[in-house]
């Protein structure tokens, strides 16, 4: 179990809070508008009303005690920048700040953010890749131009083993798992036989996957 401070309870902050709660973490949420806290009150350890651009407000939260502090404001970048800087000055262990553009990200990183996230951009990229390629059921982008794709097996693979197909050498991708209904097999062995009704979880570079997906 980890402890998280989530500052800014707009849509991104609320979704983040719900997902952190599902994983059993301790969460404190803060916003300067009381109504924004209400939907997540039952999910968190504590909630505070306050303007975190004021040093005395942040200081009272005890930011050093959290494993990660999230700065989730999307509309007021100046406030996001100020809070990010103050968090680091007060000894926050790890600060993750939200950005909408690369320019914002650069300023946030220069002013104390350890990591920057782009919720809108990341979702747009995921949806674009999923919808542009044939038979992609889900997609997870990874650093370094890699991704994990959920796809069906090639028709010519059905009834053959991973070793027979020689997937890694022939296609430059790795099979991480096999989904069959609600069940998932992680890292199937070389003797695993492909079935028509299953989905594969495959890892590959963007370049290799672009070539691979055109053949599905």
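Some notes on this structure:
- Any chance residue 79 is assigned by TED's automatic domain parsing to the domain that holds residue 57, more than 30 Å from residue 211 (Cβ to Cβ) and within 21 Å of the chain's Cα centre (by Cα): no
- Residue in the range 168-176 that is in a strand (DSSP E or B), at pLDDT below 90 and more than 29 Å from residue 94 (Cβ to Cβ) present: no
- Scanning the range 197-216 for residues that are closer than 15 Å to residue 153 by Cβ and exposed (fewer than 12 other Cβ atoms within 10 Å of the Cβ) turns up 197, 215.
- Summed over the range 11-51, the residues that are part of a loop (DSSP other than H, G, I, E, B) and buried (at least 16 other Cβ atoms within 10 Å of the Cβ) give a count of 3.
- Per the listing 194, 146, 139, the residue uniquely in contact (Cβ under 8 Å) with a residue 24 or more places away in the chain, under 30 Å from residue 101 (Cα atoms) and surrounded by 13 or more Cβ atoms within 10 Å (Cβ to Cβ) is 146.
- Matching residues, the range 80-102, being modelled with pLDDT of 95 or more and assigned to a helix (DSSP H, G or I): 80, 81, 82, 83, 84, 85, 86, 87, 88, 89
- Among the residues of the range 89-111, just one is out of contact with any helix residue (DSSP H, G or I) (no Cβ under 7 Å at 6 or more places or on another chain), crowded, with 18+ Cβ neighbours inside 10 Å and either in contact (Cβ under 8 Å) with a residue 24 or more places away in the chain or under 14 Å from residue 57 (Cβ atoms) (or both), namely 96.
The values are calculated or read from the model by the stated rules, or taken from the named source; none is laboratory data. It should be emphasised that the depicted structure is a prediction, and the values quoted were computed from it without experimental measurement. Here Cβ is always computed from backbone atoms with ideal geometry, including for glycine, and neighbour counts include all displayed protein chains.
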